[in-house]
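The values are calculated or read from the model by the stated rules, or taken from the named source; none is laboratory data. Predicted model only: the values in this text are computed from it and were never measured. Cβ atoms come from the backbone with ideal geometry, glycine included; neighbour counts cover every protein chain shown. Accessible surface is based on the protein model in full, side chains and every heavy atom, while ligands, DNA and RNA are left aside. Shrake-Rupley method; radii C 1.70, N 1.55, O 1.52, S 1.80 Å.
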Amino acid sequence: MKILILIIVGFVGILLVVRGFLRNIKEIKTKSNHSSSDRFFNYPLMVVWYGYLFVFFIGLMVNNLIFK
């Protein structure tokens, strides 16, 4: 039962990460008044943050599917 709950949490987490990332990308495309420092620091850090979250939730699911 615990494994099933962790797998569900992993799927929900991945869905929220993808939704948040796509929402931020859409917001970036609609706003055109970003300074160069915003583009240099915020956008790559956003990709790194969502990448870490994605890897965390993938690892959560793989860990519970393979290593019971």
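Quick notes on this one:
- Among residues of the range 14-68, those that are of a type in the set (Phe, Trp, Tyr) and open to solvent by less than 70 Å² (accessible area, probe 1.4 Å), counted: 4
- Counting only residues that are among the small types (Gly, Ala, Ser) and in contact with a Leu (Cβ under 6 Å, 6 or more places away or on another chain), the range 1-56 holds 1 of them.
- Residue count for the range 9-44, restricted to those that are aliphatic (A, V, I, L, M) and modelled with pLDDT under 90: 2
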